[in-house]
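Novice: One structure is given below, represented as structure tokens, and several questions about it will come after.
The values are calculated or read from the model by the stated rules, or taken from the named source; none is laboratory data. Because the structure is a prediction, the values reported are computed rather than measured. With ideal geometry, Cβ positions are generated from the backbone for all residues, glycine too; neighbour counts draw on all protein chains shown.
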Amino acid sequence: MGGQKTPKIPLPKKWTIHVRSAVLHVIGLAQYATVHTRSWAANSLYARVRLKAEKDRLHQEVAFLEEEIRIKDARLLQIDPHKRPHYPPTDRMAILELRAARGWSQRKTADTFQLTAATISTWMHRLNEAGPDALVQLCGPINKFPDFVRYAVQRLKSLCPSLGKVKIGEVLARAGLHLGATTVGRILKEQPALPPAPGKSKADERQVTADRPNHVWHIDLTTVPISGGFWSPWSPFALPQCWPFCWWVAIVLDHYSRRVMGFVVFADKPTSDAIRRFLGRTSRIAGTPPKYIICDKGVQFWCSGFKAWCRRRKIRPRYGAVGKHGSIAVIERFIGTMKREGTRRLLIPICRAKFRNELKLFIAWYNEHRPNSALNGCTPDEIYQGLPPANCRPRCEPRSRWPRMSRCAHPQTLVAGQPGAGFTLKIDFVAGRKHLPSVTLQRAA
């Protein structure tokens with residue numbers, strides 16, 4: 001027995017390449033089956049089954065995030081410790097804040113952020129240093145504003161990371177504190193490149209201009225992936241664009257006020273009949289149909305049924321150019337905002353009722369609380385309902401020596417009370433959703 005050789009199993013040529021491809025196929029198929037199973041469980045009549053499916057999905061999401069962090073940490077560990085980029089003073093303070101919140105030891109904190117225990121110890125010993133060269137800082141001195149103003153802006157950015165410097169200025173202006181976008185940018189220690197101003201094209205004789213609410217509406221369709229994307233490792237390299245892999249969402253937007261008039265969620269690509277029923281319900285809720293509807297040339301809109309439906313209601317459809325980006329820019333801009341600030345910050349529910357509730361909360365926040373740059377910082381509800389803009393109310397002035405009649409950041413308003421007043425920044429979240437903030441200022445007693 002000892003002299004016999006172990007039999008060799010012949011392997012096909014380039015078998016390692018086939019194994020790697022097979023691994024991707026198996027993972028893709030497993031995810032396909034998992035999504036189908038969870039979709040059944042999410043709509044079960046038994047609450048225990050629904051909770052089990054949600055628990056399993058959350059565990060998988062945590063495992064994915066841990067794997068992402070492991071891969072990134074492995075790449076950083078390949079760099080010599082002395083050549084790794086240093087954390088800026090504000091990030092050092094954020095690390096120490098997280099350490100205090102998590103109760104980590106120096107070793108655990110150092111291992112998490114690719115540092116040494118001696119570095120964390122040095123930060124703790126030099127925590128109370130003052131001056132612009134301090135090792136650990138909350139924020140640097142900015143343009144003569146008191147420190148609490150700078151700290152409030154920094155905290156607002158950390159709690160609501162989706163807000164840019166212009167949006168932060170508009171949100172604070174509505175709350176009563178007027179800061180310019182450049183001032184907010186300096187406070188945040190960032191220099192974001194401003195998007196180029198869109199060029200003015202030659203006026204089209206068919207161009208429609210909205211001059212009142214419910215004059216011009218936009219409508220469009222979009223898909224919201226449930227499992228994170230549509231790619232798969234097998235041909236034709238795409239998952240089906242239907243439930244349980246994605247939701248189809250139809251949205252109607254008023255051009256004059258940028259207000260979302262209604263939305264509907266479909267499990268599959270909707271038909272023209274379904275879109276017409278949705279528009280009919282939206283018109284009844286609004287109390288009047290629009291004079292114009294702007295849409296693309298999708299099969300739901302570019303058909304005789306939709307055109308006849310519009311004629312019966314005296315609505316004039318206007319179509320965007322085929323394959324031309326920006327031809328229906330207003331609704332596309334909103335869809336981008338909805339995904340960037342809403343759905344991409346969520347673990348998209350498989351249950352239709354839960355997903356509808358998340359969209360309902362986002363749209364209510366968008367209409368009521370989110371300032372719109374195209375409306376000079378007003379909200380869609382303020383324009384649609386003719387309400388006085390919140391950013392035009394008398395403002396807070398934390399600079400004690402600021403002349404009362406001097407100009408402030410846009411929009412220009414008067415000072416409420418005496419200059420030099422302190423305030424407390426209060427941030428509420430719609431239904432507890434961290435991506436839907438509502439900001440107010442409370443004057444210090």
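Novice: Go through 184, 149, 153 for me and flag whichever is under 24 Å from residue 87 (Cα atoms), at pLDDT below 80, crowded, with 21+ Cβ neighbours inside 10 Å and out of contact with any His (no Cβ under 9 Å at 6 or more places or on another chain).
Specialist: Of 184, 149, 153, the one residue that is under 24 Å from residue 87 (Cα atoms), at pLDDT below 80, crowded, with 21+ Cβ neighbours inside 10 Å and out of contact with any His (no Cβ under 9 Å at 6 or more places or on another chain) is 149.
Novice: Here's another thing I want to ask about it. Regarding residue 387, is this residue exposed (fewer than 13 other Cβ atoms within 10 Å of the Cβ), more than 28 Å from the chain's Cα centre (by Cα) and not acidic (Asp, Glu)?
Specialist: The answer is no for residue 387.
Novice: While we're here: Does residue 364 satisfy the condition of being of a type in the set (A, V, I, L, M, F, W, C) and either at pLDDT 95 or above or over 30 Å from residue 51 (Cα atoms) (or both)?
Specialist: yes
Novice: Which of the residues belonging to region 103-118 are surrounded by fewer than 16 Cβ atoms within 10 Å (Cβ to Cβ) and more than 28 Å from the chain's Cα centre (by Cα)?
Specialist: Hits for region 103-118 are 103, 105, 107, 108, 111, 114, 116, 117, 118.
Novice: On the basis of being touching a Lys or Arg at 6+ places or on another chain (Cβ under 8 Å) and over 28 Å from residue 225 (Cβ atoms), does residue 391 make the cut?
Specialist: In short, yes.
Novice: Please go through region 169-185 and pick out each residue that is in contact with a strand residue (DSSP E or B) (Cβ under 9 Å, 6 or more places away or on another chain) and β-branched (Val, Ile, Thr).
Specialist: Within region 169-185, just 171 meets the criteria.
Novice: Does at least one position in region 138-145 carry a residue that is closer than 30 Å to residue 370 by Cα, at pLDDT 80 or above and polar (S, T, N, Q)?
Specialist: no
Novice: How do the pairs read when you match residues in region 19-38 that are farther than 14 Å from residue 350 by Cα with residues anywhere that are at pLDDT below 85 and not hydroxyl-bearing (Ser, Thr, Tyr), using Cβ under 7 Å and keeping only pairs 6 or more apart or on different chains?
Specialist: Filtered contacts from region 19-38: 24/233; 25/233; 25/234; 28/233; 28/234.
Novice: Keeping to region 333-379, report how many residues are in contact with an Asp or Glu (Cβ under 9 Å, 6 or more places away or on another chain), part of a helix (DSSP H, G or I), of a type in the set (S, T, N, Q) and surrounded by 15 or more Cβ atoms within 10 Å (Cβ to Cβ).
Specialist: Count: 2.
Novice: Another question about this same structure. Can you say whether residue 379 is of a type in the set (Ser, Thr, Tyr) and in the same structural domain as residue 261 (by TED's automatic domain parsing), as far as the supplied structure shows?
Specialist: no
Novice: Give the residue that is surrounded by the fewest Cβ atoms within 10 Å (Cβ to Cβ), with candidates limited to residues of region 78-102 that are at pLDDT 85 or above and over 26 Å from residue 187 (Cα atoms).
Specialist: Of everything passing the filter in region 78-102, 78 is surrounded by the fewest Cβ atoms within 10 Å (Cβ to Cβ).
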